[in-house]
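Single-structure report; data block below.
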Amino acid sequence: PSDNGGGGGRSGALAPEPVAAEEVQKIDVNPPKGTRDFPPEEMRLRNWLFRNFREVSGLFGFEEVDFPVLESEALFVRKAGEEIRDQLYCFEDRGNRRVALRPELTPSLARLVIQKGKSLSLPVKWFAVGQCWRYERMTRGRRREHYQWNMDIIGVPEVTAEAELISSIVTFFKRIGITASDVGFKVSSRKVLQEVLSRNSIREELFGKVCIIIDKIEKIPLDDIKKELKSVGVSTEAVEQLLQVLSIKSLTELEEIVGDAGESVAELKQLFSLADKFGYSEWIQFDASIVRGLAYYTGIVFEGFDREGKLRAICGGGRYDRLLSTFGGDDIPACGFGFGDAVVVELLKEKGLLPELSLQVDNIVCALDHDLQGAAATVASILRDKGQSVDLVLENKPLKWVFKRAARINADRLILVGSSEWQRGMVGVKILSTGEQREIKLDELE
Ligand SMILES: OCc1cccc(Br)n1
């Protein structure tokens, strides 16, 4: 129903002819299962969140990119047993092509980098904010879509890239009022696992699968983890060593167990040293159990968590040095992260940090009688040409209705177009916060 301050329905218009019964096709007004509408209030919060994503990305000198929501299924058909693959929202289109709604943004980014090839000067620093999809049996009633903020650095092999990415997320958290007391980052490196596997002469191509199994360590019983590892060919000895390294609690202990021959310890030490220089040491901690659930990570991995332990991971990312070459591109190092739009809102609610965002306009303009509607339109255009927002009253409404609407839309000023004033080239202006009212010449309106 329209915003009717007085009686319900349409005042003054003739009631329309009833639609013949057979024409009505009553629809479900709710969005499809697992998806969300964004009515104005929710959209204001989303725009506020995305504005912060974009402004932080800009602070770090990243350029915005985007890709189709619909991608070739081939981009996501990794055979490492990932949940993201099991829940792929894929189908055959009318051209018999296998396509999918993207479940993440990184493969699309990799595809575009390869497509652009030599025309890109490295390093590439790109960010995107895009809707991602999964098709999960609604048994768990979880969402099927969310928006993800991604930042990726392509072409930098050093951990300065990971340190920069974590710094960007810390910057974002601080902007929205989240502190190191609310949130931290667990940081590890898959190179630790890789060193254990290679010592036990386990084939390189098993690496992704092993990581995906280990990522489930807090979701399924330990015995099932061991069974799954053995089922993909990991020896009992190697399983025990893997589980041992996952329980390491410090870099010192890690160095004792894996030695400093491999890169993993050195890289992690450098990351923590850079964190100190960036000024976010209090935000990060080493945690060997962090593996992340995407098969293509090859080095440092990290995830943002709420220190009260009430929420799922807020964000996550890491190094993926092999992804571009597996897509047929050059062997270019890369790292990035994904940051969903849902958990962070739950966190803000928990912390009482949701911003006050309401509709606000500079002016509401109203003709005091019907034949001045054109004059009101002229006033609205003059103000809008000056960059002032105007809610123009589009029908002949009683003043009581106008004041009620002015309050609801938080208008600063009420501009009244009355015949006697208009004859003298004037309009009435009322400052709604103070009640102060005066006449202003049209050409002095600002
Ligand atoms: O983070 C996994 C994921 C991917 C796509 C859509 C949704 Br909701 N969640």
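The values are calculated or read from the model by the stated rules, or taken from the named source; none is laboratory data. Computed from a predicted model, the values in this text were never measured in an experiment. Neighbour counts run over all protein chains shown; Cβ positions are idealised from the backbone, glycine included.
Please work out which one of (1) more than 35 Å from the chain's Cα centre (by Cα); (2) at pLDDT below 95 is the condition Ser247 fails and give its number.
(1)
Taking the residues in the stretch 399-430 that are within 17 Å of Gln373 (Cβ to Cβ) and of a type in the set (Phe, Trp, Tyr) as candidates, determine which candidate is nearest to the chain's Cα centre (by Cα).
Among them, the one singled out is Trp401.
Looking for something in contact (Cβ under 8 Å) with a residue 12 or more places away in the chain, surrounded by 22 or more Cβ atoms within 10 Å (Cβ to Cβ) and more than 18 Å from Val170 (Cα to Cα) - is there at least one such residue anywhere in the stretch 305-316?
No: zero hits.
If you scan the stretch 124-146, which residues turn out to be more than 12 Å from the ligand (Cβ to nearest atom) and crowded, with 18+ Cβ neighbours inside 10 Å?
If the condition is that a residue be more than 12 Å from the ligand (Cβ to nearest atom) and crowded, with 18+ Cβ neighbours inside 10 Å, then Val124, Lys125, Trp126, Phe127, Ala128, Val129 are the ones that fit.
Arg111: within 25 Å of Phe38 (Cβ to Cβ), charged (D, E, K, R), more than 9 Å from the ligand (Cβ to nearest atom) and over 19 Å from the mean Cα position of the chain (by Cα), yes or no? Walk me through how you get there before you give the answer.
On the way: within 25 Å of Phe38 (Cβ to Cβ): no; charged (D, E, K, R): yes; more than 9 Å from the ligand (Cβ to nearest atom): yes; over 19 Å from the mean Cα position of the chain (by Cα): yes.
Judged against the criteria, Arg111 is not a match.
Looking at the stretch 389-403, which of its residues are outside any helix (DSSP H, G or I) and of a type in the set (D, E, K, R)? Give the steps one after another, and end with the answer.
Step one: of the stretch 389-403, the residues outside any helix (DSSP H, G or I) are 389-398.
Within the stretch 389-403, Asp391, Glu395, Lys397 qualify.
Scan the stretch 407-420 for residues that are assigned to a strand (DSSP E or B) and either small (Gly, Ala, Ser) or surrounded by fewer than 14 Cβ atoms within 10 Å (Cβ to Cβ) (or both) and report the count. I'd like the intermediate steps shown before the answer.
First, pick out the residues of the stretch 407-420 that are assigned to a strand (DSSP E or B): 411-417.
From the residues that got through so far, the ones that are either small (Gly, Ala, Ser) or surrounded by fewer than 14 Cβ atoms within 10 Å (Cβ to Cβ) (or both) too are 411.
The number of residues fulfilling the criteria is 1.
Could you check the stretch 288-302 and list, in sequence order, the residues that are out of contact with any strand residue (DSSP E or B) (no Cβ under 7 Å at 6 or more places or on another chain) and either under 18 Å from Leu254 (Cβ atoms) or modelled with pLDDT of 95 or more (or both)?
Taking the stretch 288-302 as the starting set, the residues that turn out to be out of contact with any strand residue (DSSP E or B) (no Cβ under 7 Å at 6 or more places or on another chain) are 289, 293-296.
Correct list: Ser289, Tyr296.
Against the definition (outside any strand (DSSP E or B), closer than 17 Å to Phe302 by Cα and touching a helix residue (DSSP H, G or I) at 6+ places or on another chain (Cβ under 8 Å)), how does Ala180 come out, yes or no? Working first, answer last.
Values: outside any strand (DSSP E or B): yes; closer than 17 Å to Phe302 by Cα: yes; touching a helix residue (DSSP H, G or I) at 6+ places or on another chain (Cβ under 8 Å): yes.
So Ala180 fits the description; yes.
Residues of the stretch 76-89 being at pLDDT 90 or above, away from the ligand (no atom under 11 Å from the Cβ) and farther than 23 Å from Gly329 by Cβ, which ones?
Across the stretch 76-89, the qualifying residue is only Asp86.
Quick grid of which residues meet (1) closer than 19 Å to Glu444 by Cβ; (2) assigned to a strand (DSSP E or B):
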{"position": "Asn363", "(1), (2)": "yes, yes"}
{"position": "Ala376", "(1), (2)": "yes, no"}
{"position": "Ala380", "(1), (2)": "yes, no"}
{"position": "Arg405", "(1), (2)": "no, no"}
{"position": "Trp422", "(1), (2)": "yes, no"}
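Given the conditions (1) hydroxyl-bearing (Ser, Thr, Tyr); (2) in contact with a Lys or Arg (Cβ under 9 Å, 6 or more places away or on another chain); (3) within 30 Å of Arg142 (Cα to Cα), report the number of the one that Thr326 does not fulfil.
With respect to (1) hydroxyl-bearing (Ser, Thr, Tyr); (2) in contact with a Lys or Arg (Cβ under 9 Å, 6 or more places away or on another chain); (3) within 30 Å of Arg142 (Cα to Cα), Thr326 is out only on (3).
Given the conditions (1) outside any strand (DSSP E or B); (2) within 16 Å of the ligand (Cβ to nearest atom); (3) under 26 Å from Lys277 (Cβ atoms), and given that Trp149 satisfies all but one, which numbered condition is not satisfied?
All conditions are met except number (1).
Failed condition for Asp331, given (1) in contact with a Ser or Thr (Cβ under 8 Å, 6 or more places away or on another chain); (2) more than 30 Å from Leu120 (Cβ to Cβ); (3) surrounded by fewer than 16 Cβ atoms within 10 Å (Cβ to Cβ), with all others met?
(2)
Only one residue in Glu63, Glu73 is more than 10 Å from the ligand (Cβ to nearest atom), within 25 Å of Arg319 (Cβ to Cβ) and modelled with pLDDT of 95 or more, so which one is that?
Unique residue meeting the criteria: Glu63.
What helices (runs of 4 or more DSSP H) completely inside the stretch 19-138 contain at least 3 residues that are in contact with a Phe, Trp or Tyr (Cβ under 8 Å, 6 or more places away or on another chain) and closer than 20 Å to Ile153 by Cβ?
Working: elements: 40-59, 83-86, 106-116.
Ranges flagged: 40-59, 106-116.
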